[in-house]
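What follows is one structure encoded as structure tokens, with my remarks underneath.
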Amino acid sequence: MNDSPRSRAFFSYLRGRVVVWIVCAAGLTLGCGRSLPLGGDGAEDARTDLRDGAVGRPDGSVQRDGSVQRDGSAQRDGSAQRDGSARRDGSAKRDGSAKRDGSAQRDGSVQRDGSAKRDGALRRDAAPGRDAGARRDAAARRDGGPQRDSGLRRDAALLRDAAVRRDAGARADSGLPLLRPDLLLSSFTAQASAAGAATYTVVTCNRGAAGSAASQLGLYFDLPSAPTVATPPSRLLEVAALRVGQCQTDRLTVTLSAGSYRSWARADARTVIDESNEGNNLAGPIALAVAPGRADLVISAFAVAAGTSQRPTSYQTTVCNRGVVAAPATRLGIYFDRLQAPTVGTVADRELAVAALQPRQCSSQTLSVALAGGVYFSWALADARGAVSESNESNNAFGPQVFLVLDTATIPPECLSACSVLVTPCRLLARNAQQSCGLLCATRTPAQIACAGAAASSGRCFSIVSCLLLP
């Protein structure tokens with residue numbers, strides 16, 4: 001080799017520039033390929049080697065382990081690569097690789113330091129060969145580009161069109177039946193709740209395919225045959241708008257005369273709802289037996305104002321008729337002191353006259369009586385003689401009212417005042433202990449009694465206790 005300064009400068013320039021070496025090697029390969037003989041077996045082998053991308057060695061052998069892969073994969077020794085097939089434009093990539101689609105080379109790129117990866121690992125080219133156009137083309141190939149988006153939009157439009165065809169207008173245009181509500185009575189019962197009273201319970205439901213507007217429920221208390229749409233109901237009840245599958249429960253209690261009844265009920269009694277089935281609105285008949293109405297006398301209030309042995313005790317009593325018919329005049333019994341409730345036939349200590357009472361009417365009675373000192377358990381009894389036939393005979397008694405009557409003949413007035421204040425407003429003494437308090441006070445010295453009376457007049461609760469208990 002010529003060792004002139006010019007040669008040393010040229011090889012010094014080539015040192016470290018792998019790309020230049022690769023371009024030179026590619027040129028030598030093409031030149032050698034054109035000069036190979038094309039006849040005989042040797043020519044066929046040469047053409048085969050050229051198709052396979054083989055490169056001649058200096059010793060005349062063909063190198064196949066470093067050949068360019070047909071799919072454009074990276075060379076293991078870093079040599080120039082071809083795509084294994086003739087390029088339509090005949091051009092070669094400057095970096096030593098030929099891509100069929102012209103996109104950026106992802107593997108087999110030349111390392112910046114000039115060394116090739118001996119393990120054949122794929123690396124991306126760090127050179128600025130991946131321009132915006134190549135990235136846009138690769139993205140289009142990956143996701144199908146805008147064609148996929150347009151297909152999705154087309155499918156969504158088809159689904160929306162199918163949903164629109166399901167509305168009422170589309171159903172009418174296509175000849176399908178319209179969606180309508182269907183009101184019916186899922187339950188209808190009646191029960192005689194008391195003498196002369198009956199309670200009806202009705203459940204209205206919408207079993208149709210659309211919601212219903214507000215309507216009216218008709219009740220027919222007594223009809224020998226089924227009512228028609230033109231039959232006026234005995235009572236109308238309001239039914240709110242009902243969604244599909246929704247129900248409403250209504251209850252009505254009415255007063256009826258004694259006798260037997262055949263009752264009916266009809267949903268949408270005024271026929272204001274356009275229903276899918278107009279033949280299922282009627283329910284009944286229900287057989288109902290109503291007993292004759294009777295009065296029911298009760299004591300609604302019983303109050304006692306306790307007096308003393310020198311002041312009368314007052315009783316205030318209220319009698320009411322809770323029945324469905326009028327009650328005749330009757331007697332009210334007052335029992336001053338009984339441990340057990342009185343019954344009809346028990347002789348009352350006092351009887352008061354009660355005038356005739358209409359249903360829901362009341363009458364108040366007052367009695368004042370002088371009682372001796374002591375504790376009392378008092379009662380009141382309506383219809384004390386049992387003269388009225390009532391629907392309920394077990395609710396006539398009221399009591400007991402427990403109270404204390406002081407014996408003021410042996411108790412000084414100061415003690416009565418002191419014990420009364422201890423009960424109210426001091427609330428230091430139970431009312432039924434007031435008599436015992438008075439008797440205890442009467443045994444104190446005159447100075448203690450005077451002290452307790454003075455404390456009571458000024459409302460000093462604990463001073464009263466001190467005066468009576470301390471010497």
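Its residue count N fixes a reference of 2.2 N^0.38 Å for segment 413-469, and the Cα radius of gyration divided by that reference is 0.93.
Using the Cβ of residue 370 as centre and a radius below 13 Å, the other residues enclosed give a net charge of 0, where K and R count +1 and D and E count -1.
Dividing the convex hull volume of the alpha-carbon atoms in segment 262-315 by its residue count gives 176 Å³ per residue. Ratio of Rg to Rh for segment 183-290: 0.98 [Cα atoms; Kirkwood radius as inverse mean 1/r over pairs]. Would you please state the base-10 log of I(q)/I(0) at q = 0.17, 0.23 1/Å for segment 349-442, with intensities from the Debye formula using one equal scatterer on every alpha carbon? Calculated log10 I(q)/I(0) at the listed q: -0.83, -1.18. Segment 389-429 and segment 330-359 have their alpha-carbon centroids 20 Å apart. Could you give the Stokes-Einstein D for segment 297-405 in µm² per second, using the C-alpha Kirkwood radius, 25 °C, 0.890 mPa s? The Stokes-Einstein estimate is 175 µm²/s.
Every number here is computed from the coordinates shown, using simple stated rules; none is lab data. Remember, it's a predicted structure, so these values are computed and weren't measured experimentally. All Cβ positions, glycine included, derive from the backbone under ideal geometry; neighbour counts span all protein chains shown.
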